[in-house]
1. Trypsin sites (Lys or Arg not before Pro), restricted to segment 138-167: which are DSSP loop and have at most 12 other Cβ atoms within 10 Å?
2. Modelled label-to-label distance, Arg235 and Lys153, 7 Å Cα→beta-carbon offset: nm?
3. Could you work out how far the C-alpha centroid of segment 166-196 sits from that of segment 96-149, in angstrom?
4. Among 23-31, 3-11, what's the highest-first ranking by average C-beta atoms within 10 angstrom per residue?
5. For the chain, which whole percent of the accessible surface, found with a 1.4 angstrom probe, sits on carbon and sulfur atoms?
6. Over the chain, one equal point on each Cα, no solvent: what is log10 I(q)/I(0) by the Debye formula at q = 0.07, 0.09, 0.15 Å⁻¹?
7. Run lengths n ≥ 4 of DSSP H only: what is the helix-derived mean residue ellipticity at 222 nm for the chain, with -39500 (n - 2.57) per run over all residues, to the nearest 500?
8. Per residue, how much accessible area does the chain have with a 1.4 Å probe, in Å²?
Amino acid sequence: MTATLMDGKSVAAQTKQILREEAEYMKKVGVEPKIATILVGDDAPSKVYLASKHRAAEEIGIRSENHTLSGIAKEGEVAELIDSLNTDSSVSGILLQLPLPQHLDGRRMIERISPAKDVDGLTSENMGRLVYGQASLIPCTPRGVMGLLHFYKIPIAGQRAVIINRSALVGKPLFHLLLAEDATVTVCHSKSRDLLGITRQADILISAVGRRPQFSVTREMVRDGAVVIDVAMNRVAGKLIGDVDFEGVSPKASYITPVPGGVGPMTVIMLMENTLVAAAKQHGLKEASVPIL
Ligand code: NAP
């Protein structure tokens, strides 16, 4: 068996087209979706990620603006900026680019964002809604993973899903999304015993560790016919690679994501979808057709 490639780049491009039509419709009925991003400091990877988010916004027809604060900005300054964007009725969504410089309390800053504009879905209110199955703004990477599973019509109900990651950004929200679709979900982390024994049972295996070369998902960790989704982004010798030993695993898996070109583009497109969802909700646009995937 050779796995079918889950081509996130292509799925994201197709979704982008639909989002473009949705943004056009919104503008016709007088709603101008806009995302405001905040960068604190000048972290190089953050700048690259932000550039791709602004590019996607432009391609879809979502207005976007970036606010850069100095890397030594005090918490009060960041809070003040968030407050002003919260009350700016022209802003539909606010994205605080992570990670923040160490002296800032990231959790407190995220909580400052109005839940209605929290397009990363990371505030306690949106996370809580997710637990109760009532979320409209869902963290982008987990939504992107679900979007890929949906696009490729991967059965989820009754399947055994294993997630290697328990962060608030990836593992925890993904656990709830998979559970809501009736998967049997196991969440693993650095203290999990017998990881190999657990991953070998997975019908759907999702890895987001990001500790290459110390950690990788090898051929023996994957059962025949499993769907393997690689969320991780590791920079090794200047090259972007995931957790999964792609060459070793793909002959065994039924579906597999590449890195780059898998979950990454889906994350960006889900941020755009969340911006449209937020704009539609803020303006009471019940007939808007987002979310899509
Ligand atoms: P993180 O907070 O560092 O989470 C890493 C997780 O891996 C933790 O739960 C950790 O366990 C677990 N882990 C570490 N070593 C392990 C081991 N030997 N065995 C099993 N589990 C182990 O990072 P994150 O923010 O969630 O991101 C994870 C990865 O996803 C990174 O590579 C990041 O770049 C990537 N990412 C990609 C996208 C995208 O759009 N493609 C978006 C977000 C993140 P503990 O909890 O016990 O420490």
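1. The qualifying sites are Lys153.
2. Simple spin-label model gives 4.1 nm for this pair.
3. Measuring centre to centre over Cα atoms gives 17 Å.
4. The densest-packed peptide leads the list: 3-11, 23-31.
5. 52 percent
6. -0.26, -0.43, -1.18
7. Helix contribution divided over all residues of the chain: -12500 deg cm²/dmol.
8. 46 Å²
The values are calculated or read from the model by the stated rules, or taken from the named source; none is laboratory data. All of these numbers come straight from a predicted model, not from anything done at the bench. With ideal geometry, Cβ positions are generated from the backbone for all residues, glycine too; neighbour counts draw on all protein chains shown. Accessible surface is based on the protein model in full, side chains and every heavy atom, while ligands, DNA and RNA are left aside. Shrake-Rupley method; radii C 1.70, N 1.55, O 1.52, S 1.80 Å.
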